[in-house]
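Colleague: I have a structure I would like to understand better, so I am pasting it below and will then ask my questions one at a time.
The values are calculated or read from the model by the stated rules, or taken from the named source; none is laboratory data. Just so it is clear, the model here is predicted, and its values are computed rather than measured. Note: ideal-geometry Cβ built from the backbone for every residue, glycine included; neighbour counts use all protein chains shown.
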């Protein structure tokens, strides 16, 4: 008798729970609307009031002087190298090499970045954090590519054929009048095709961006977990004045 009552209670309870359960809801229709963000949008006073103190704080940080320069620094004042390109390549080496050395006990041999990645000049006068964002608006991170001698030869060939002032630091390329290679040195030593070299760049180029496909053949790509823009800001903060010129790191004989 007790067994039958127990079964009845279980069955009744199960039936009650099943009867009271709500069927799952299903999405029957999805609607979308594209809203263009432009000056035509009306301002919302409540939103403006809320974000005002944050905007003021950000503008204060962005427009505070980090350093200064006695003259305009630009990426179009040279044929094979430029003042701004040289500055950025040199500061990348300065900021990245100590990190690379401390972790991997090795030195960066030279730096290569792309001319097209420089998006703004540095005007005469105070240089700010905002200038750094204007120069480098991308979230590119510094990496070090270990390249064979063959890949380095392809790199140099690319630079010669591109006829573009892609910034380098730590290396020197000299061309003959007919654009053939006259001399190639890394850290003031003649290039050795049997060696491997550590080339600092950023992740976009290391993936073959800007037609720099030779990076795809790297033995290894070593990330430094350091944004290129942050390296620019850190360098600006630690120097009193920016000096940059066109020099002889890449040129053609007359």
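Colleague: Restricting the search to segment 214-241, which residues are out of contact with any helix residue (DSSP H, G or I) (no Cβ under 8 Å at 6 or more places or on another chain), assigned to a strand (DSSP E or B) and more than 23 Å from residue 81 (Cβ to Cβ)? Spell out the reasoning first.
Modeller: Here is the first cut: in segment 214-241, the residues out of contact with any helix residue (DSSP H, G or I) (no Cβ under 8 Å at 6 or more places or on another chain) are 216, 219-220, 225, 227, 230, 237-241.
Restricting the remaining residues to those that are assigned to a strand (DSSP E or B) gives 220, 225, 227, 241.
Within segment 214-241, 220, 225, 227 meet the criteria.
Colleague: Go through (1) in contact with a helix residue (DSSP H, G or I) (Cβ under 8 Å, 6 or more places away or on another chain); (2) surrounded by fewer than 17 Cβ atoms within 10 Å (Cβ to Cβ) one by one and return the number of the condition residue 92 breaks.
Modeller: Status for residue 92: all satisfied but (2).
Colleague: Still on this model: From (1) surrounded by 14 or more Cβ atoms within 10 Å (Cβ to Cβ); (2) closer than 17 Å to residue 136 by Cα; (3) in contact (Cβ under 8 Å) with a residue 60 or more places away in the chain, pick out the condition that doesn't hold for residue 230.
Modeller: It is condition (3) that residue 230 fails.
Colleague: Which ones in segment 56-90 are part of a helix (DSSP H, G or I), under 15 Å from residue 127 (Cα atoms) and touching a residue at least 24 places away in the same chain (Cβ under 8 Å)? Walk me through it before giving the result.
Modeller: Within segment 56-90, the first condition is being part of a helix (DSSP H, G or I), and the residues that meet it are 56-62, 83-90.
So of that shortlist, the ones also under 15 Å from residue 127 (Cα atoms) come out as 59-62, 84, 87-88.
Within segment 56-90, 61, 62, 84, 87, 88 qualify.
Colleague: When segment 242-254 is examined, which residues are found to be at pLDDT 95 or above and either part of a loop (DSSP other than H, G, I, E, B) or in contact with a strand residue (DSSP E or B) (Cβ under 6 Å, 6 or more places away or on another chain) (or both)?
Modeller: First, pick out the residues of segment 242-254 that are at pLDDT 95 or above: 242-253.
Those that are at pLDDT 95 or above and either part of a loop (DSSP other than H, G, I, E, B) or in contact with a strand residue (DSSP E or B) (Cβ under 6 Å, 6 or more places away or on another chain) (or both): 242, 243, 244, 245, 246, 247, 248, 249, 250, 252, 253.
Colleague: Next up: Please go through (1) under 15 Å from residue 111 (Cβ atoms); (2) not in a strand (DSSP E or B) for residue 173 and return the number of the only condition it doesn't satisfy.
Modeller: (2)
Colleague: Condition first: part of a helix (DSSP H, G or I) and either surrounded by 10 or more Cβ atoms within 10 Å (Cβ to Cβ) or under 34 Å from the mean Cα position of the chain (by Cα) (or both). Now tell me which residues in segment 32-48 satisfy that.
Modeller: First pass over segment 32-48, keeping only residues part of a helix (DSSP H, G or I): 45-48.
Scanning segment 32-48 gives 47, 48.
Colleague: Please find, within segment 132-151, the residue that is surrounded by the most Cβ atoms within 10 Å (Cβ to Cβ) out of those that are in contact (Cβ under 8 Å) with a residue 24 or more places away in the chain and part of a helix (DSSP H, G or I).
Modeller: Looking at the filtered set, the residue picked out is 132.
Colleague: If you take the residues in segment 190-213 that are outside any strand (DSSP E or B) and touching a strand residue (DSSP E or B) at 6+ places or on another chain (Cβ under 7 Å), which one is farthest from residue 163 (Cα to Cα)? Explain how you work it out, then say what you get.
Modeller: Keep residues of segment 190-213 that are outside any strand (DSSP E or B), which gives 191-196, 203-213.
Of the ones still in play, those that are also touching a strand residue (DSSP E or B) at 6+ places or on another chain (Cβ under 7 Å) are 191, 196, 203, 206.
Values: 191: 21, 196: 25, 203: 23, 206: 20 Å.
Only one residue fits best here, namely 196.
Colleague: Within segment 74-83, identify whether any single residue is loosely packed, with under 14 Cβ neighbours inside 10 Å and either farther than 17 Å from residue 168 by Cβ or modelled with pLDDT of 85 or more (or both), and answer yes or no.
Modeller: Yes, segment 74-83 contains a residue that is loosely packed, with under 14 Cβ neighbours inside 10 Å and either farther than 17 Å from residue 168 by Cβ or modelled with pLDDT of 85 or more (or both).
Colleague: State all residues of segment 111-125 that are surrounded by 22 or more Cβ atoms within 10 Å (Cβ to Cβ) and within 19 Å of residue 156 (Cβ to Cβ); if no residue qualifies, say none.
Modeller: 111, 112, 113 - these are the residues of segment 111-125 that are surrounded by 22 or more Cβ atoms within 10 Å (Cβ to Cβ) and within 19 Å of residue 156 (Cβ to Cβ).
Colleague: Moving on to the next point. Answer with yes or no whether residue 96 is closer than 19 Å to residue 231 by Cβ, in a loop (DSSP other than H, G, I, E, B) and modelled with pLDDT of 80 or more. I'd like the intermediate steps shown before the answer.
Modeller: Working: closer than 19 Å to residue 231 by Cβ: yes; in a loop (DSSP other than H, G, I, E, B): no; modelled with pLDDT of 80 or more: yes.
Against the criterion (closer than 19 Å to residue 231 by Cβ, in a loop (DSSP other than H, G, I, E, B) and modelled with pLDDT of 80 or more), residue 96 does not qualify.
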